[in-house]
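The numbers here are math on the coordinates, done by the rules we state, and not lab data. This structure is a prediction, so every number in the text was calculated from the model and none was measured. Backbone-built Cβ (ideal geometry, glycine too); neighbour counts: all protein chains shown.
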């Protein structure tokens, strides 16, 4: 009787250990699957452009932006540039050294003295730096308020300015999809809902008409980029 009970206990323990082992394997596979889904699957050529007069909170997003760069698949090429005072300041030309590209990120100046007044002129300049040497898709990540006030703050031109139109044509001629993250600048878009709405309308148009996607939440305040990068990875993988 005692021997049978002992055998039964041994069998129960063995079954419990086996069940726990299977659960651990399944959990590991699930985590691995989630991690794979969270990564961009195919190499890309990406220009990351940051508007230099964005609010200071954007500086806190350098870590998650750097993590995104480092997580790109081998063979990806990255350029990092800042849109400042009407010019494109390239911090890192296109490179396959993802760590070097991630380290080139800096804190935006967050001052109206460096406002580009029109981010789309610099977007055109960045698009012309895609040299055709990469094997992946051409992608631009534009982090901007999207507002073009180079010819005044005119409600009739929101989403239809001359340079926005030119940027769309340039992107399409180079098969470059423009993805955009909205963030307010220290000027109009940080305190004027109408200006923020105009800027978002422009970002939405340039992304939509080049095969990309625009990410923003609300017209005031600042939202961290964590959810944006998650959705960006998903969008890139869906396109792939």
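Cβ-to-Cβ counts within 10 Å put 139, 121 in ascending order as 121, 139, the fewest first. From largest to smallest, the equivalent ellipsoid semi-axes obtained for segment 114-153 from the alpha-carbon gyration tensor read 26, 10, 7 Å. For residue 209, put the label point 7 Å out on the Cα→Cβ axis and report which residues of segment 167-189 keep their amide N under 16 Å from it. Answer for segment 167-189: 167-180. Residue exposure proxy: 104, 227, 85, ordered by other Cβ atoms within 10 angstrom of their Cβ from fewest to most, comes out as 227, 85, 104. Measuring nothing but how far apart in sequence close Cα pairs (under 8 Å, 6+ apart) lie, relative to its length, segment 43-239 scores a relative contact order of 23 percent.
Remark: relative contact order (segment 73-168) = 26 percent; criterion is Cα-Cα distance under 8 angstrom and separation of 6 or more residues. Please give the Cα centre distance for segment 166-192 versus segment 78-122, rounded to the nearest Å. Spelled out, the Cα-based centre of one part sits 14 Å from the other.
Were the residues from residue 64 through residue 135 laid out at 0.36 nm apart, the gain over their Cα-Cα distance would be 23.0 nm. Remark: 165, 170 ranked as 165, 170, counting other beta-carbon atoms within 10 Å and listing the fewest first.
Note that segment 43-239, at 25 °C in a medium of 0.890 mPa s, gets a Stokes-Einstein diffusion coefficient of 151 µm²/s from its Kirkwood radius over C-alpha pairs.
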